[in-house]
Amino acid sequence: MANHLYQHDLPDGLQLGPIVAIDCETMGLNPHRDRLCLIQMSDGDKNCHLVQVAPDARPAPNLCAMLEDPNTLKLFHFGRFDIAALQNAFGITTAPVYCTKIASKLVRTFTDRHGLKTLLQDMVGVDISKHQQQSDWGAAALTDAQLDYAASDVLHLHELKAAFDVLLAREGRTALAQSCFDFLPTRAKLDLTGWPDIDIFAH
């Protein structure tokens, strides 16, 4: 496994394949207040490509082209937050997407534990550390421990997706899941534009 850290954008010519696992690190959980600091990506080969985002959010044409590419599936765990953070930082809509947290809630109805650490333990037998989860992602120089932590959130998502695809098919919920994934960019836009805690479908 290797971590490849870039500044502001992906390098020219880098190809991450048809399915890219993505996660974001921010200064907090409010996308309007807390800036995007790091974007980590993997194509499933156990290497991680990380883009450190400057405080002034410079243009990232290569990254944004991949995020908007209709032929590249972007794979998230709790994509709602990451899609909103990317949209707020770069003004783009990330699509198409797949979210393992949504998949889990659709098929693991026997539990309320849908966090990534639990899913990786239960579904693919991988144990990841969350020790660096609350570290300072806005630091000018990130530590090796931070980079390893960030990488661990994407390195196994392809395996997790494969496991959930089997369960979604078994339970007859593949089409329902796809409809949820298709709606995710709109759900993120609702979060950014003033409806984060309101169920607009309620009476």
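The values are calculated or read from the model by the stated rules, or taken from the named source; none is laboratory data. Predicted model only: the values in this text are computed from it and were never measured. Neighbour counts are summed over all protein chains in view; Cβ atoms, including those assigned to glycine, are modelled from backbone coordinates with ideal geometry. What goes into the accessible areas is simple: the full protein's heavy atoms, side chains included, and nothing from ligands, DNA or RNA. Shrake-Rupley method; radii C 1.70, N 1.55, O 1.52, S 1.80 Å.
What number of residues within the range 91-100 satisfy the criterion of being open to solvent by 40 Å² or more (accessible area, probe 1.4 Å) and either closer than 21 Å to residue 178 by Cα or in contact (Cβ under 8 Å) with a residue 24 or more places away in the chain (or both)?
Number satisfying all stated conditions: 2.
Tell me which of these residue 57 doesn't satisfy, since it passes every other one: (1) open to solvent by 30 Å² or more (accessible area, probe 1.4 Å); (2) not in a loop (DSSP other than H, G, I, E, B).
Unmet condition: (2).
Looking at the range 101-108, can you tell me whether even one residue there is open to solvent by less than 70 Å² (accessible area, probe 1.4 Å), hydroxyl-bearing (Ser, Thr, Tyr) and either part of a helix (DSSP H, G or I) or closer than 30 Å to residue 62 by Cα (or both)?
yes
For residue 71, work out the one condition from (1) within 19 Å of residue 184 (Cα to Cα); (2) at pLDDT 95 or above; (3) buried (at least 17 other Cβ atoms within 10 Å of the Cβ) it doesn't fulfil.
Every listed condition holds for residue 71 apart from (3).
Every residue in the range 18-46 that is at pLDDT 95 or above, in a loop (DSSP other than H, G, I, E, B) and within 16 Å of residue 4 (Cβ to Cβ), please.
43
If a residue must be touching a Phe, Trp or Tyr at 6+ places or on another chain (Cβ under 9 Å) and in a loop (DSSP other than H, G, I, E, B), how many such residues does the range 117-134 contain?
Total satisfying the criteria: 6.
Inside the range 135-203, counting only helices (runs of 4 or more DSSP H) that do not spill past its ends, which hold 1 or more residues that are of a type in the set (S, T, N, Q)?
Qualifying helices (runs of 4 or more DSSP H): 144-152, 174-192.
Among the residues of the range 1-44, write down those that are under 20 Å from residue 145 (Cα atoms) and surrounded by fewer than 19 Cβ atoms within 10 Å (Cβ to Cβ).
Passing the criteria: 1, 2, 3, 4, 5, 6, 7, 27, 28.
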